[in-house]
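Since the structure comes first, as structure tokens, the remarks are kept for the end.
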Amino acid sequence: MKKLLYAGAAFFLFVTVNAQTEEELKAQIAPKKDSIAAIQGRVNALQSQLDALPGWKVGAFGTIGGSLSGFNNWFSQGIPNNNSGTIGFTVNAFANQQEEKFFWRNAMNVNLNWVKLDDKDDPNDDDSFRESTDVFNISSLYGYKLSDKFAISTLGEYRTTILSNFNDPGYLDIGVGGTWTPIADLVVVIHPLNYNFVFSDEDTIFNSSLGAKIVADYTKQIGAVSFKTNLSMFQSYESGDLSNWTWTNSFAYTLWKVIGVGFDFGLRNNKQETLNYIVNNAPTPNPNATFDTIDNELQTYWTLGLSYSF
């Protein structure tokens with residue numbers, strides 16, 4: 001009986017001491033977290049001052065994703081014997097010049113992905129890597145400052161695919177208007193006078209037109225996190241069928257030195273591209289389709305994989 005009492009007392013003492021130690025450790029952690037947050041706040045403030053200094057700022061970050069797999073006699077799926085794989089990468093790069101009276105901002109976004117599915121039971125199938133995501137976009141924005149927050153500006157933006165059908169279609173926007181920069185990392189472009197040049201062999205569907213251009217871009221690095229979001233819209237004065245918009249987003253979290261995890265996704269609305277696909281490229285093309293008879297479905301893509309900070 002005494003042994004049992006001794007054991008119970010020892011266990012109670014152990015739990016009490018352990019609980020006290022845990023509470024003491026938690027109490028010591030709390031002020032250290034506050035200190036880390038304060039230090040990070042000072043670092044972010046210094047970084048903002050550094051970003052605002054005159055001169056050139058260049059940088060880039062990207063995402064690399066890929067997988068390979070092989071199956072033999074895996075009868076629960078439709079193709080039991082196959083080799084498959086995906087590989088892709090995204091690069092976001094910028095070169096910005098900030099001066100007292102003007103700024104010049106240049107950016108590039110590239111997102112390329114390939115996929116393969118080799119059915120080993122079908123000797124006639126295509127076992128090569130085929131492009132699945134193909135995005136290429138470059139832009140150049142020059143602004144003459146009227147104040148710290150507002151400038152008169154001109155923008156040139158070009159976007160197309162580069163793995164297949166290069167410049168078919170291709171879009172070149174050139175316009176003038178105003179640019180608002182409320183904070184160092186946010187740029188809002190409003191150009192009421194913009195011409196949207198569209199290049200394509202299919203000139204019965206793709207047409208150039210005059211319209212308004214709106215761009216909003218936010219690029220930021222906070223500690224180990226880098227992210228960029230860009231919305232580019234064109235509103236045609238001729239017809240809503242010739243309008244389009246694209247919204248791209250890139251996130252990268254550094255885990256070790258320059259290696260981390262990255263995620264990219266994009267949305268696009270472009271009725272001309274939708275009609276061209278239905279008329280010329282769909283599995284069952286419909287040559288009689290028109291802008292009035294089609295559903296303008298939202299285009300999307302996403303990539304998840306390792307990230308690399310340049």
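Overview of values
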item: Residue check for Leu112: surrounded by fewer than 18 Cβ atoms within 10 Å (Cβ to Cβ), in contact (Cβ under 8 Å) with a residue 40 or more places away in the chain, of a type in the set (A, V, I, L, M, F, W, C) and within 30 Å of Asn83 (Cβ to Cβ); result: no
item: Pairs, first under 13 Å from Asn244 (Cα atoms) and modelled with pLDDT of 95 or more in the range 162-175, second aliphatic (A, V, I, L, M) and outside any loop (DSSP other than H, G, I, E, B), C-beta under 7 Å, six or more apart; result: Tyr171/Val198; Asp173/Leu155
item: Of residues in the range 274-310 being farther than 14 Å from Thr204 by Cβ and assigned to a helix (DSSP H, G or I), the one modelled with the lowest pLDDT; result: Asn281
item: Yes/no for Gly178 being farther than 30 Å from Gly305 by Cβ, in the same structural domain as Pro287 (by TED's automatic domain parsing) and either of a type outside the set (Ser, Thr, Tyr) or out of contact with any Leu (no Cβ under 7 Å at 6 or more places or on another chain) (or both); result: yes
item: Residue within the range 53-69 that is part of a loop (DSSP other than H, G, I, E, B), of a type outside the set (Asp, Glu) and at pLDDT 85 or above present; result: no
item: Test: residue in the range 208-226 that is within 23 Å of Ala93 (Cβ to Cβ), in a strand (DSSP E or B) and in contact with a Pro (Cβ under 9 Å, 6 or more places away or on another chain); result: yes
item: The range 213-241 residues that are within 17 Å of Leu267 (Cα to Cα), paired with ones that are crowded, with 17+ Cβ neighbours inside 10 Å and hydroxyl-bearing (Ser, Thr, Tyr) (beta carbon under 7 Å, 6 or more apart); result: Val215/Ser232; Phe227/Ser250; Lys228/Thr219; Lys228/Ser250; Asn230/Thr248; Ser232/Thr246; Phe234/Ser243; Gln235/Ser243
item: Where a residue in the range 181-194 is over 17 Å from Asn96 (Cα atoms) and its partner, wherever it lies, is of a type in the set (Lys, Arg) and at pLDDT 95 or above, with Cβ under 8 Å and at least six apart; result: Ile190/Lys213; His191/Lys213; Asn194/Lys213
item: Residue within the range 188-198 that is assigned to a strand (DSSP E or B), modelled with pLDDT of 95 or more, in contact with a strand residue (DSSP E or B) (Cβ under 7 Å, 6 or more places away or on another chain) and more than 25 Å from Asp241 (Cβ to Cβ) present; result: yes
item: Residue satisfying all of: in the range 230-273; under 24 Å from Ser139 (Cα atoms) and of a type in the set (Val, Ile, Thr); surrounded by the fewest Cβ atoms within 10 Å (Cβ to Cβ) among these; result: Thr246
item: Selected residue [under 21 Å from Asp185 (Cβ atoms) and among the charged types (D, E, K, R)] from Glu131, Glu100; result: Glu100
item: Lone qualifier among Thr293, Thr274, Thr284, Thr300 - being assigned by TED's automatic domain parsing to the domain that holds Ile64, within 14 Å of the chain's Cα centre (by Cα) and farther than 20 Å from Phe61 by Cα; result: Thr300
item: Any hit, the range 279-290, residues being over 30 Å from Gly65 (Cα atoms), among the β-branched types (Val, Ile, Thr) and in contact with a Pro (Cβ under 8 Å, 6 or more places away or on another chain); result: yes
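The values are calculated or read from the model by the stated rules, or taken from the named source; none is laboratory data. Values in this document were obtained by computation on a predicted structure and should not be read as measured data. Because the Cβ atoms are built from the backbone with ideal geometry, glycine has one as well, and the counts that use them run over all protein chains shown.
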